[in-house]
1. Which residue pairs have Cβ atoms closer than 8 Å, lie 6 or more positions apart in sequence or on different chains, and pair a first residue in region 123-149 that is small (Gly, Ala, Ser) with a second residue that is not in a helix (DSSP H, G or I)?
2. Residues of region 78-97 being touching a His at 6+ places or on another chain (Cβ under 8 Å) and within 18 Å of residue 117 (Cα to Cα), which ones?
3. Of the residues that make up region 48-64, is at least one in contact (Cβ under 8 Å) with a residue 12 or more places away in the chain, basic (Lys, Arg), part of a loop (DSSP other than H, G, I, E, B) and surrounded by 12 or more Cβ atoms within 10 Å (Cβ to Cβ)?
4. Please specify each residue of region 10-20 satisfying the condition of being of a type outside the set (A, V, I, L, M) and either outside any helix (DSSP H, G or I) or crowded, with 22+ Cβ neighbours inside 10 Å (or both).
5. Is there a residue in region 142-157 that is part of a loop (DSSP other than H, G, I, E, B) and either closer than 27 Å to residue 76 by Cα or out of contact with any Gly (no Cβ under 6 Å at 6 or more places or on another chain) (or both)?
6. Among 115, 142, 122, 72, which is the only one that is under 14 Å from the mean Cα position of the chain (by Cα), over 25 Å from residue 6 (Cβ atoms), crowded, with 20+ Cβ neighbours inside 10 Å and not hydroxyl-bearing (Ser, Thr, Tyr)?
7. Determine the pairs where a residue that is in contact (Cβ under 8 Å) with a residue 24 or more places away in the chain and crowded, with 21+ Cβ neighbours inside 10 Å, located within region 21-37, has a partner that is among the charged types (D, E, K, R) and assigned to a helix (DSSP H, G or I) with Cβ atoms under 7 Å apart, the partner being 6 or more residues away or on another chain.
8. Restricting attention to region 75-93, which residues are part of a loop (DSSP other than H, G, I, E, B) and under 14 Å from the mean Cα position of the chain (by Cα)?
Amino acid sequence: MNKLTNIGLEKQDSVEIADKLNELLANYHIYYQNLRGFHWNIKGIHFFQLHAKYEELYNSALARIDALAERILTIGQKPLHSFSDYLRVSSIQEATSLSGDRETVEATHQNLSVIVSLERDILALAAEREDEGTVALVSEDINENEKTLWMLKAFLS
């Protein structure tokens, strides 16, 4: 029996990496939906800036969701694809009834911090298992997310 995936990874390694990528995918979906809600419901003096920023962030999150699902498929596994799975697996909670500038930025910072922490775990696992494709995908994402975290923190200062 062949122990390698069609791209040369150990099958068991790809299962473990996909499990973590699916966890990240679930968190990204809840983060994305939170951002949509913030975009739609933001109120206050920073409305124009945050309305545009949340749209930028949710569009970026949507692209990352697609890239994650495609990576899971590439390593021979199946991405989660139902909201019930996302809610079950995600560490990020749905944000409801938030519309103020400070509270939505704080929630976005907290959500993105969860994502970055999970990405760092995945980065270490993928590097250990010599999955360079996942390393590259996650490493690039961490860089962008850390910059966004810095900007959100600057807003809150």
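1. 133/7; 133/75
2. Residues satisfying the conditions are 86, 90.
3. Looking for residues that are in contact (Cβ under 8 Å) with a residue 12 or more places away in the chain, basic (Lys, Arg), part of a loop (DSSP other than H, G, I, E, B) and surrounded by 12 or more Cβ atoms within 10 Å (Cβ to Cβ), one finds none in region 48-64, hence no.
4. So in region 10-20, the residues of a type outside the set (A, V, I, L, M) come out as 10-14, 16, 19-20.
Hits for region 10-20 are 10, 14.
5. The initial filter retains those residues of region 142-157 that are part of a loop (DSSP other than H, G, I, E, B), namely 157.
Those left that are additionally either closer than 27 Å to residue 76 by Cα or out of contact with any Gly (no Cβ under 6 Å at 6 or more places or on another chain) (or both): 157.
Yes: region 142-157 contains one or more residues that are part of a loop (DSSP other than H, G, I, E, B) and either closer than 27 Å to residue 76 by Cα or out of contact with any Gly (no Cβ under 6 Å at 6 or more places or on another chain) (or both).
6. Values: 142 fails: crowded, with 20+ Cβ neighbours inside 10 Å; 122 fails: over 25 Å from residue 6 (Cβ atoms); 72 fails: over 25 Å from residue 6 (Cβ atoms).
None of the other options fit; the residue is 115.
7. 21/71; 24/119; 26/85; 28/64
8. The answer is 79, 80, 90, 91, 92, 93.
The numbers here are math on the coordinates, done by the rules we state, and not lab data. This structure is a prediction, so every number in the text was calculated from the model and none was measured. Reconstructed Cβ throughout: ideal geometry from the backbone, glycine too, with neighbour counts over all protein chains shown.
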